[in-house]
Amino acid sequence: MDTIESQLAVRNKCEQMQKSIKELYEWEEQMKSANTAKVQPADNSEKKALPPVRSDVKAMSKFSEDVASLEKQDEAESESAKKKMMADAEILKERGNKQCKLGNYQEAIELYTQAIDTYGDNAAYYSNRALCYMNLDLFDECLADCSTSIEKNPKYVKAYYRRMQAYERLGESEKAAAECRQILQLSQDESELNATKRDLARIEKRLSDANSQKGASSPGKEKPPKGAKMDPMLALVKQEADKYKELGNKHLARKDFEKAERSYSKAISLFGDEAIYYTNRSLCYWNLKDYDKCLADCNKAIQLDENYFRPYYRRMQVRELRGAYQSAVEDCRKFIELTKDDKQKQTAEKDLQRLERLVKSEQPAKQAFVWSEIKKNAKLIKFIQKPPHLRSKKPLTRIPIKDVIPCPIAIDSRVLPPPSQRKSIPDAAIDKMFNNNTGERLVEPKEEINLEHLFPAHSNKLRNLFSPPTTPTEQRKPITAPAAPAAAVVSPPNKTTPPVPVATAVTKEATNANSKAKEGKSASTAQPAQSTQNKIEKNKINQGNQDSNEKRPKKVATSADAAQPSPMRPTTIPGAPKSSAQFYTTWSGLDEDLRYQYLKSLSGKPMNTLLGASLSNEMLSELLHILHKRFIPDRAEVSHVLKEIVQNDSIGILSLMMNKTDRDAVAALLKYMEANNSVTKEDLDRIRHKLIS
């Protein structure tokens, strides 16, 4: 089992064990309290003094006085305890009132609940908690607390008023009107009576409007003209609803869409004939991704005011999201027709062009619903934590692990071998590709260049390419040998005679340059047959030149030629560098001999400064190689260079990356310095510690 899983299992078992032990302790306390409650009456009855004999008048009078004093004492104690509980409950109520004024309704509910637990006979505590529930839109809890408050104090007006508000927000206008009439009977405060009369008039107006709408044949009520005056009571209701709308606008500006939706819903519950309320709430539903309610509010706003342009744009967005492009185009056109803002028109025109392209496209429409964003009929499934004894005992299904046979890879109709039969790539090659040198030497194979496919042996292409140029009228003349004895006879050239050297032919051509020019002038008037003959002779000359080049012995490089330096490398020892960059640049252009001389000339120079932070494992290997292979045979001093090398900041990491050759070189250098006594023991130990340990 994994370590984390085992720790989690132990933790769960410990929590279960703690819970079980706690339950056992609670059960023990309950049993003890039950036993003491049963035994207590018997003890009290034993301790309780029996009344005296009735014939003893003095004893009877004293007994009655004692009983009266005990009763007064008990009443005083209970009264003091009740006052203390009421004082504690009042403190909790005041704290709850402060939180309610600040808008922290959940904390206020907790404080009112503590006050009720401390002293539960005060109706105001339930009424205040009902107000918090109503502000959180928890109307069922609000109605329950109002009813409890009325049971505690049937003449408590605030409980009736808050129950009336809850009924009104729930849309139960008849019950709200009944509560208003009850308040008018109980209340004696003029301000309360005036406010209740206004509320009752508003509710009765809403009831009459609802009855007229039910009796009308058309489904919707005709909107009064703009110039018509609104009923004063209805204007007050509209003013109250506008307050909730402004509050929703503030929540919307802070992007608190849930609170904004609740505020707009309250405004609609008070005055449901304003299209702006539905449009603003549709924006909240759009951001909350509840597209069904968003579409319903847009339709309601358009039904109330057909000339209001904003709901058309919001409905266009919903229809586009659901793939109804043709309907979205109609809404977009209607929006452009009604809006008067130029920027809004430009944006809508761009949207219209996009929608028209989607309508004309041959691709099928998108999914009508975005399944990841729909909240309707969706349910959050939480993980279930079961104790071990309630979990399933069935083992999990075991899935065998099998090697998947890879598909053959083909490149240019050539199938590659499987990975097991391919050659592995050297680590040094990988390091070279990713610029991550580890000190390993990569031996790259030499590729033989074969140009046989370009110039076959039977082709004259290469021969013609490197043969000297000839003119069509040039005649190959026999070259006479130098003066010989009379007995010598010059034989004509034959197949066994070696060909004439190319240099002699070129010299001969150079000496007869004038005659060639004259012959060239006469060749312009020659017959066509002569040109054909000239081509044949040219091929023969090229053949002879090529044969002479192939049979000529190669020139052997002499020591003088080898001694000539390469033009790309310096031949003298460079001067002392002035910076680290100059040192590395100079070092990279030197061969091994010059590197030895150059490093020897830097004796006494600050090598650590020259090496700097650019010292790499390759550079360290080159320095150790020169010191080992050149300094030791020449009995030269190596301690200065090694001291400067070990002073570098990165020598600790570079020493870990040295290969076996470098470590052997360091061991040989340490042995060489120890034999010559050229360095102190402390310096020798420090060099050994830095490079080997």
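The values are calculated or read from the model by the stated rules, or taken from the named source; none is laboratory data. These numbers come from a predicted model, not from an experiment. Note that we place each Cβ from the backbone using ideal geometry, even for glycine, and neighbour counts take in every protein chain shown. Note: areas computed on protein heavy atoms with side chains; ligands, DNA, RNA excluded. Shrake-Rupley method; radii C 1.70, N 1.55, O 1.52, S 1.80 Å.
Before moving on, here are some points about what is shown:
- Here is the figure for segment 644-693: residues that are part of a helix (DSSP H, G or I), open to solvent by 90 Å² or more (accessible area, probe 1.4 Å) and polar (S, T, N, Q) total 1.
- Residue match in segment 251-273 (condition: more than 23 Å from LEU136 (Cβ to Cβ) and open to solvent by 20 Å² or more (accessible area, probe 1.4 Å)): yes
Condition check ((1) aliphatic (A, V, I, L, M); (2) closer than 26 Å to TYR244 by Cα; (3) modelled with pLDDT under 70) across all residues:
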residue	(1), (2), (3)
TYR156	no, no, no
MET164	yes, yes, no
LYS175	no, yes, no
GLU179	no, yes, no
SER187	no, no, no
SER208	no, yes, no
SER218	no, no, yes
ALA228	yes, yes, yes
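- In segment 144-171, the residues that are closer than 25 Å to GLU204 by Cβ form Cβ pairs under 9 Å with partners that are open to solvent by less than 20 Å² (accessible area, probe 1.4 Å) and not in a helix (DSSP H, G or I), at six or more places apart or across chains, as follows: VAL157/SER187; TYR160/SER187; TYR161/SER187.
- VAL329 falls short on exactly one of the conditions (1) under 25 Å from PHE257 (Cβ atoms); (2) in contact with a helix residue (DSSP H, G or I) (Cβ under 7 Å, 6 or more places away or on another chain), and that condition is (1).
- Considering only residues in segment 602-630 that are modelled with pLDDT under 85 and of a type in the set (Gly, Ala, Ser), the one that is most open to solvent (accessible area, probe 1.4 Å) turns out to be ALA613.
- Unmet requirement for PRO633, which otherwise passes all of (1) at pLDDT 85 or above; (2) of a type outside the set (A, V, I, L, M, F, W, C); (3) part of a helix (DSSP H, G or I); (4) more than 25 Å from GLY575 (Cβ to Cβ): (3)
- Among residues of segment 322-337, those that are open to solvent by less than 40 Å² (accessible area, probe 1.4 Å), part of a helix (DSSP H, G or I) and in contact (Cβ under 8 Å) with a residue 24 or more places away in the chain, counted: 4
- Enumeration of residues in segment 237-250 that are surrounded by fewer than 18 Cβ atoms within 10 Å (Cβ to Cβ) and of a type in the set (A, V, I, L, M): LEU247
- Number of the exception - GLU94 against (1) touching a residue at least 24 places away in the same chain (Cβ under 8 Å); (2) under 29 Å from GLU190 (Cα atoms); (3) open to solvent by 50 Å² or more (accessible area, probe 1.4 Å); (4) not basic (Lys, Arg): (1)
- Residue that is most open to solvent (accessible area, probe 1.4 Å) [pool: residues in segment 1-32 that are hydroxyl-bearing (Ser, Thr, Tyr) and modelled with pLDDT under 85]: THR3
- Here ALA144 passes the criteria (1) small (Gly, Ala, Ser); (2) open to solvent by less than 40 Å² (accessible area, probe 1.4 Å); (3) within 18 Å of ARG169 (Cβ to Cβ) except the one numbered (2).
- Residue that is of a type in the set (D, E, K, R) and within 30 Å of LEU207 (Cα to Cα), where the choices are LYS250, LYS245, LYS289: LYS245
- Of everything listed in (1) open to solvent by 70 Å² or more (accessible area, probe 1.4 Å); (2) part of a helix (DSSP H, G or I); (3) among the acidic types (Asp, Glu); (4) out of contact with any helix residue (DSSP H, G or I) (no Cβ under 7 Å at 6 or more places or on another chain), the single unmet condition for GLU349 is (4).
- Filter pass, LYS289 being part of a loop (DSSP other than H, G, I, E, B), touching an Asp or Glu at 6+ places or on another chain (Cβ under 6 Å) and surrounded by fewer than 19 Cβ atoms within 10 Å (Cβ to Cβ): yes
- Under the condition of being open to solvent by 70 Å² or more (accessible area, probe 1.4 Å), modelled with pLDDT of 70 or more and assigned to a loop (DSSP other than H, G, I, E, B), the residues counted in segment 563-590 number 4.
- Which listed residue, of ASN128, ASN104, ASN122, is surrounded by fewer than 17 Cβ atoms within 10 Å (Cβ to Cβ) and closer than 23 Å to TYR161 by Cβ: ASN104
- Residue match in segment 325-338 (condition: of a type outside the set (A, V, I, L, M) and either at pLDDT below 85 or closer than 30 Å to ALA176 by Cβ (or both)): no
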